[in-house]
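A quick write-up on the structure given underneath.
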Amino acid sequence: MVGTEQSEHDEPDFETLVAGILERNIEGFEHLLAVERLSGGASQETYRIAAMVHGSEELLAMRRAAGGVYENPDETRPGLAVEATLMQVARAAGVPEPEVFHVLTPDDGIGNGFIMEWLEGHTLGARVLRAPDLDQIRPHLARQCGQILARIHAIDPVATGLAEHLTVLSTEAFVRRMWEQYQEFDTPQPMIDFTARWLLDHLPPETEPRLVHNDFRNGNLMITPDGVVAVLDWEVCHLGDPIRDLGWICTNSWRFGQRHLAVGGFGELDDLLAGYAEESGIDVDPEHVKFWEVFGSYWWAVGCLKMAEHYRNGPDRTVERPGIARRSSECQVDCVNLIIPGPVDLVETGDARSTLDMPSIDELIESVRDFLRTEVRDATEGRTNFMSLVASNSLDIVLRELRIGPAHLDAEQRRLTELLGTPGASLDALRRRLSRALRDGSMALDTPGLADHLRATVVNQVAIDQPRYSGFLAALGPPELPS
C-alpha cells in the first residue's frame, strides 16, 4: 500500500512515485493498491500493479530497467522506449500484443520503462509444456509461431520509423560482435571460440535486412488455451536476417527438457516452417534454420557469461545472475551436440575434501541448501520464494564441483598438455593458449584431438553445472550426426 504523507524534504518512495505516474496517465485512476515485482526477468524487471480505476480493481504491468537505472540505448539494446514503440507497431500489424499506456520519462523518477495492459496467460516455458489447459492448443503452437514471425518480418522498418532506432546487423557482424563481447570477459572457454570459427565458416547468404525480434522463444510468449496472446521482451531487436528468429525458438535451451520437439519443446520444425510459408509465401531452408540454432546456443553461452559480469559490476547483484552464468556450459554442450557430436567419458566423482569433519564442508553446504529449499520456501512467496530456490540450486552446483571438479580439472590439463605440447604449463595458461590459437586461426578446427578435448571438457563441466540438462543427457547417448 502507499505510505503515509511525507514532508517536502523526504525522498518519495517507489509506490508513491508509481501512484503519481498512474494519476497523470491513466484515465479514471483513483488510488494504488499494490506494486509487486515478479520473479524472472534477469535483464529487465517486471511488476504487477493493482489500482482502483473507475471504481474497480484493475491490473497493469510495468517493465523497468534493472535496478531502476537510466540506461542509454546502444547498438545492442535500443532501449525500453523503443521497445514500447515496437510493441505498438507489432500490435498494429496483427501481432498479439498488450496495449502500451505510458512510456516512463526522467520526470517520473523510477528509471526507464513503460506501463502496459495486464494480460493473463502462461509465460513460464516449462509450464507451457505441461499445463493441462494447453493440451488442445499445444500441437498447433509451432504453426502459429511461424505465422506470427512472418507478420513481424513483414513490418516495414522505414515506413514505421523503426529504422531510425534499430541497428542493421549482418550475420557475420553479429557473430563477430558476440565473439568480441565474450573476449572482453577474459575467461577463456575454447568451445565458444571453436563455435565462432564454425559459424564464420558456415555463413548463410546475406538477405535484405528485416525486423528481427531476436528473443522470440518459449518463455517470451504468453499462451492461453486460445494460443499466443502476447509476444514479450522486444528489448534486443535489430534489422538483419529474419531466420535468426526461427533458429532461436528451436534452440535447445528453450525446449525445457523436450529436446525431440524442436520448436520450443512443443512442436515440430515442419509445422513452424509451414506456418511461416503460409503467412509469408517464403519457403525457408532447414539448414538455414540450423545455422541460427547453432548461433542461438553460442549467443546464449556468451549472454550467460554476461550475467556474471553484471553480478560483479552491475547495479543489480541478485543471486539469480551467477546462477544463470553457470548455464553457459549448457549452451556449449548444445553446440557440441550440433557440430562435434561423439562419444565422451565422464570423470569419476570423488569426495569433497574438508579441513574438518563433524561437520564436513559438504554437510555445511547441504544444511544451508535444505534450509533455503524447505523452511525459507515454505515461509515466503513471490520473488523471494523463487530466489530461495535459485540460491539452493547454486549450492547444488558448489557440492558437485567439490566432488567432481578436481578430477575434471586434472583430466582437462592432461588433454591440453598433449594437444598443445606444453608440459608444465598451468591450466589457465593452457586454456588461454588454445583460445588464442582458435582466435588467430593458427589451429584448424579439424586438428586431431581438438574435438575430443572440447567435447570431454564441456560435457564434464555440465555434469557439475546441471546434470539434468537435456543436452547433457543427449551428449551421453548415441551420437546424432549433424545433417
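In what sequence do Ser426, Ser280 fall when counting other Cβ within 10 Å, fewest first? Before the final figure, lay out the partial values.
Details: Ser426 9, Ser280 17.
Exposure proxy ranking, most exposed first: Ser426, Ser280.
Note the angle between two axes, namely the Cα long axis of helix 171-184 and the longest principal axis of the Cα atoms of the chain, as a number of degrees from 0 to 90, rounded to the nearest 10.
Value to nearest ten degrees: 80.
Provide the packing ranking of 210-223, 240-253, i.e. peptides ordered by the mean count of other C-beta atoms within 10 Å per residue, highest first.
Listed from highest to lowest mean packing, they are 240-253, 210-223.
Taking the Cβ of Glu278 as the centre, find all other residues whose Cβ is under 14 Å away and add up their charges (Lys, Arg: +1; Asp, Glu: -1).
Working: positive: Arg143, Arg151; negative: Asp270, Asp271, Glu279, Asp283.
Net charge in that neighbourhood comes out at -2.
Looking at Pro225, Gln144, Leu272, which one has the Cα that reaches farthest to the positive end of the dipole of the stretch 121-316 (charges on Cβ: Lys, Arg +1; Asp, Glu -1)?
Pro225
Can you sort Arg317, Arg77 by how many other beta carbons sit within 10 Å, fewest first?
Working: Arg317 13, Arg77 19.
By the 10 Å Cβ count, ascending: Arg317, Arg77.
Between the helical axis of 450-465 and the dominant principal axis of the chain, each derived from Cα atoms, what acute angle in degrees is found, rounded to the nearest 10?
Tilt relative to the chain: about 50 degrees.
Against the longest alpha carbon principal axis of the chain, how many degrees, from 0 to 90 and to the nearest 10, is the axis of helix 190-201 turned?
For helix 190-201, the angle is close to 80 degrees.
Counting helices only, and only those DSSP H runs with n ≥ 4, report the 222 nm mean residue ellipticity of the chain as the sum of -39,500 (n - 2.57) divided by its residues, in deg cm²/dmol to the nearest 500.
The helix contribution divided over the chain gives -15000 deg cm²/dmol.
For Val458, Val82, what ranking results if the residue with the fewest other Cβ atoms within 10 Å of its Cβ goes first? Let's see the in-between values first.
Details: Val458 31, Val82 19.
Least crowded to most crowded, the residues run Val82, Val458.
Let me spell out the model: positive unit charges on the Cβ of Lys and Arg, negative unit charges on the Cβ of Asp and Glu, origin at the Cα centre of the chain. What dipole size does that give, in debye rounded to 20? Numbers along the way, then the final one.
Numbers: 43 positive and 77 negative charges, 321 e Å.
In total the dipole reaches around 1540 debye.
Work out the charge dipole of the chain with +1 on the Cβ of Lys and Arg and -1 on the Cβ of Asp and Glu about the Cα centre, then indicate which of Ala262, Val458, Pro106 is farthest towards its positive end.
Most positive-ward Cα: Val458.
Please name which of Cys250, Ala126, Cys304 has its Cα lying farthest along the dipole of the stretch 121-316 towards the positive end, using unit charges on Cβ (Lys, Arg +1; Asp, Glu -1) and the Cα centre as origin.
Value: Ala126.
Please list, by residue number, every one of the trypsin sites (Lys or Arg not before Pro) in the stretch 410-483 that is coil in DSSP and has at most 14 other beta-carbon atoms within 10 Å. Numbers along the way, then the final one.
On the way: sites: Arg414, Arg415, Arg431, Arg432, Arg433, Arg436, Arg439, Arg455, Arg468; in loops: Arg468.
Passing sites in the stretch 410-483 are Arg468.
Pick the calculated semi-axes √(5λ) of the Cα gyration tensor in Å for this structure from [x] 39, 24, 20; [y] 36, 25, 21; [z] 39, 30, 21?
The calculated read-out lines up with [z].
Taken together, the values in this text are just the output of simple stated rules run on the coordinates, not laboratory data. Because the structure is predicted, anything quoted here is derived from the model rather than measured. Positions of Cβ are backbone-derived with ideal geometry, glycine not excepted, and every protein chain shown enters the neighbour counts.
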